[in-house]
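Just below is one structure, and these are the notes that go with it.
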Amino acid sequence: MRVLGIETSCDETAAAVVTEGGDVLSDVVRSQVALHAPYGGVVPEVAARDHARAVVPVVREALARAGVTAADLDGVAVTSRPGLAGALLVGLQTAKGLAWAAGKPLVGVDHLVGHLLAVFLRRDGARSTPATSAPPTSEEQPAFPYVALLASGGHTAIYRVDGPALGAIRELGATRDDAAGEAFDKVAKLLGLGYPGGPVVDRLAATGDAAAAAEAVPAVMARKESLEFSFSGIKSAVARHVAKRGRPEGQALNDLCAAFQGAVVDALVQKTVRAARAEGIERVVLAGGVAANRGLRAKMAAACARRGLGLFVPPFASCTDNGAMIAYAGALRLAAGERDTLDLAPETRTALPRVTRKGGGVR
Ligand code: KG4
Ligand code: ZN
């Protein structure tokens with residue numbers, strides 16, 4: 001089965017052709033980062049207009065690189081939720097037009113489900129490699145069930161994944177306010193480091209001393225025993241620090257980045273490991289753009305190794321927004337006999353049941 005996937009939920013226009021076995025035949029991602037950079041974040045109307053300009057060339061390129069035409073496809077998958085309504089609409093209308101014209105089935109995909117299944121994508125024949133050797137295993141991809149940390153610019157949550165269907169995925173805890181990537185982006189903006197903030201904070205943190213700036217940054221544990229996150233407090237702490245002392249430079253800047261990143265990463269690692277132990281699950285998967293963070297990868301690998309958990313980290317291209325994860329999740333829906341009609345409408349919220357209330361709980 002060869003399925004085209006189209007993704008326009010946020011600030012990447014992406015399309016890919018993938019088989020139901022996860023083989024990536026093509027994967028084209030056109031980022032809007034430069035377009036939004038002057039505003040320090042994604043501007044919804046600007047995003048939608050640029051998707052409208054880019055989507056047809058991106059789809060054409062994905063088909064051409066895979067060496068197929070629309071007639072060769074077994075279906076068209078498209079992100080239908082969650083995301084910016086106007087941005088989602090561009091992908092949906094494109095997918096509907098193509099599916100209708102070529103006489104192919106259409107399936108909507110929840111963007112978060114795409115992220116959670118991206119670990120199965122096979123790029124150049126290579127699946128995600130286990131990042132730790134424990135527990136001893138010969139498998140190259142996780143078996144169900146696994147516990148996944150999804151941390152991106154728009155979402156941060158821990159899920160138990162028993163299978164690819166919506167009903168087999170359960171949220172164990174999520175952020176009550178900012179997403180982890182959003183915290184990186186906001187702190188980078190405060191420090192004058194540009195957008196997106198994650199990669200540059202990651203780079204500066206590598207030569208910083210977290211202990212030297214520890215007093216500026218509180219731990220981000222919320223209620224210690226819960227699996228929920230809260231990242232708005234640490235952002236405000238950095239804002240207060242900058243208001244009082246001015247923007248740090250040189251080594252002091254690197255130290256502050258290291259302290260901030262360390263606090264965010266500690267919370268992500270501790271809660272993910274706690275979730276895996278509470279569920280009695282031995283496999284941990286990382287997903288979302290923040291999974292690129294070197295501090296997170298290193299600390300998660302060490303924590304999983306200590307506890308005998310197997311850690312699976314998809315390659316960077318599978319962590320950040322892409323069309324391949326949408327095509328793959330759609331292929332599994334098609335293989336299960338599922339279809340959507342041309343009435344499929346964009347939804348700003350995920351279809352996954354939420355257990356965490358935004359703005360709720362005790363900080
Ligand atoms: O998954 P993604 O590409 O898009 C969303 O769905 O949001 O994630 C983008 C987010 C941004 O907030 C960016 O700052 C963050 O991922 N990010 C990182 C790193 N690379 C990207 N955060 C921390 N460290 C990184 N190395
Ligand atoms: Zn995403």
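Read-outs: derived from the displayed coordinates by stated rules, not from any lab. Note that the structure is predicted; figures quoted are calculated from it, not measured. Positions of Cβ are backbone-derived with ideal geometry, glycine not excepted, and every protein chain shown enters the neighbour counts.
So here's what we get for this one:
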item	result
Whole-number D in µm²/s for the range 304-347 (Stokes-Einstein; Kirkwood sum over Cα pairs; 37 °C, 0.692 mPa s)	241
Percent of Cα-Cα distances greater than 25 Å, calculated over the chain	53
Peptides 336-349, 12-25 ordered by average Cβ neighbours within 10 Å, highest first	12-25, 336-349
Longest to shortest principal axis, alpha-carbon extents of the range 205-363, angstrom	59, 39, 33
Residues ARG60 and LYS224, FRET efficiency given R0 of 51 Å [Cβ-Cβ distance, rounded to 0.05]	0.50
Rounded FRET efficiency, nearest 0.05, which uses the C-beta distance separating VAL33 from THR69 and R0 of 25 Å	0.20
Least to most buried among MET300, MET1, MET325 (fewest other Cβ within 10 Å first)	MET1, MET300, MET325
Pair GLU338, ARG49: separation of 7 Å Cα→Cβ label points (nm)	3.6
Kyte-Doolittle mean at least -0.5, axial Cα span of 24 Å or more - DSSP H helices of the chain	44-66, 85-102, 250-279
Approximate spin-label separation MET1-SER236, in nm, with each point projected 7 Å along Cα-to-Cβ	4.8
Cα centroid of the range 61-76 to Cα centroid of the range 309-331, whole Å	20
Cross-link partners of LYS299 among aspartates and glutamates (Cα-Cα below 14 Å; sequence separation of 8 or more within a chain)	ASP202, ASP266
Choice from ALA54, ALA87, ALA151 with maximal GNM fluctuation in the chain (Cα, 10 Å cutoff)	ALA54
